[in-house]
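The values are calculated or read from the model by the stated rules, or taken from the named source; none is laboratory data. All values reported here derive from a predicted model rather than from experimental measurement. For neighbour counting, all protein chains shown are included, and Cβ atoms are generated from backbone atoms with ideal geometry for every residue, glycine included. Note: areas computed on protein heavy atoms with side chains; ligands, DNA, RNA excluded. Shrake-Rupley method; radii C 1.70, N 1.55, O 1.52, S 1.80 Å.
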Amino acid sequence: MARRETYRSRNIDKIEDEKPGFYNKADFIINEAKQQEFEDGKLLLINKPLHWTSFDIIRKLRSLLRIKKIGHAGTLDPLATGLVIVCTGKFTKKINDYMAQEKEYTGHFTLGAVTPSYDLETEPEQFKDYSFITPEMLEAAIHKFIGEIEQLPPIYSAIKKDGVRLYELARKGEEIELQTRKVFIKDFTITDINLPEVEFKVTCSTGTYIRSLANDFGVELGCGAYLSSLCRTRIGKFSLDEALTMQAFEENLQ
């Protein structure tokens, strides 16, 4: 079976142009005292840019800080933006604690179609009429997803099967059997309606896939839906308002 074309493969030139270059050793040398602070341990709040992977952030910071012990507390997909918690030095021991905390997201679902990845990583397909959808129908559908629910992860995810990430198998067109998992949706609100787009806000447990929520929401409505934008606005007590862009972080190091 042919490898499925992805958003990244379709837009690789644009994506690479938008990513700032990574520092070479000759470009910037961090002050030793500052470097030691990061070695000792710091928690960083970073606003992830669109198209960056979470590991792009780690790679960039490792290059800037010249340290090896650094990691993030929860992946964001390349097509998502928002808050990423990064731990350095001794603080990396706390990564699992931060990963387990409640998350908050905002974004858009697009009604009237689905995608294999449940977002724009793959092309929309199976188009259906959405003109019959009313605010009352949206509100009724929301309540089906509040509380503890069984959720099927997307086949395009970083979950591993036999040591291989599912998105690698999916891109090769391999059949994948998934198991549902329990997640908790504390709050799910529609904040604006401009069909086919629906703007939302979700507060949920760790392990929740907003992409899957979009797909399931579309099934409930009977017209299909996929995630067309996503921003993580909070992790536990930490807010996106407190986060630095990569550019601002670099400038603070000077």
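Computed values, structure above
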{"item": "Charge tally in the Cβ shell below 9 Å around LEU111, where Lys, Arg are +1 and Asp, Glu are -1, LEU111 excluded", "result": "0"}
{"item": "Residues whose placed amide H lies under 5 Å from that of ALA80, excluding near-sequence neighbours", "result": "HIS51"}
{"item": "Vicinal HN-Hα couplings computed from phi for region 40-50 (Karplus, 6.51 cos²θ - 1.76 cosθ + 1.60; Hz; Gly/Pro x)", "result": "5, x, 9, 9, 10, 10, 10, 8, 5, x, 4"}
{"item": "Area accessible to solvent at ASP241, 1.4 Å probe radius, in Å²", "result": "140 Å²"}
{"item": "Rounded accessible area of GLU123 (nearest 10 Å², 1.4 Å probe)", "result": "100 Å²"}
{"item": "Given LYS48/LYS182; LYS42/LYS237; LYS94/LYS237, the pairs whose alpha carbons are separated by over 18 Å", "result": "LYS48/LYS182"}
{"item": "Rounded to the nearest 10 Å², the accessible area of TYR105 at probe 1.4 Å", "result": "20 Å²"}
{"item": "For peptides 217-226, 87-96, sequence by mean Cβ density within 10 Å, most packed first", "result": "217-226, 87-96"}
{"item": "Sequence-separation-based contact order of region 28-145, relative, with Cα cut under 8 Å and 6+ spacing, percent", "result": "23 percent"}
